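These notes concern the structure reproduced below.
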Amino acid sequence: MILLSLHIIIYLFILYLQLRPEIPNSVTPRTLEEMNVAQNTERAQMVDLLSQFTSEQMTRYECYRRSSLPKSILKRLFQTVTSTAPPPNGLIILAAVGKLFVGELVEKARQMADEDGLSDLDEIRVGHIQEARWRLHSGALKQRNMFQQHRL
């Protein structure tokens, strides 16, 4: 079951690479000084946000920070799917994207559970996760079709 889930994550990682929007150059800071200012601003905002967390929210955030996908399983799965060994940095990126995907999937499933009238304390059901996966996938396909229609 875990192998199937990781297979889906790699498949979605490949889809993500194909569907991700291009970032225009005008958005990125042009100088090292601007980058340092932007990083300091982000850190200050993060500290401000963390200071407003309740103890329960801080516990959940700490669990999120500590969680990771097992790299040995990701490596084996990557080798099975692509028949090549992943580079070490590629494995780190795959684990990060997988973690982001799982986070988005759980967030969307939580929204599905809220629509069904479940409280935040109730467990997410398998049907909510399946519906969330379907909605994420259909939304990505719509974005891809819109992008292809607007290409010159």
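Bear in mind these aren't lab numbers, they're just calculated from the coordinates by the rules spelled out. These figures come from a predicted structure and were not determined experimentally. Heads up, the Cβs are rebuilt from the backbone with ideal geometry, glycines too, and the neighbour counts pull from every protein chain shown.
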Extended-chain gain in nm, criterion 0.36 nm per residue less alpha-carbon gap, W134 and C63: 22.9 nm
Loop GluC sites (Glu not before Pro), the stretch 66-143 (other Cβ atoms within 10 Å of the site Cβ: 10 or fewer; DSSP): E123
Environment charge at V106 (Cβ cut-off 14 Å; Lys +1, Arg +1, Asp -1, Glu -1): 0
Nearest-0.05 FRET efficiency for E56 and A96, computed from C-beta distance (R0 30 Å): 0.75
Full-extension gain in nm, T41 to V106, via 0.36 nm per residue minus C-alpha separation: 20.5 nm
Extended-chain gain in nm, criterion 0.36 nm per residue less alpha-carbon gap, N89 and S119: 6.8 nm
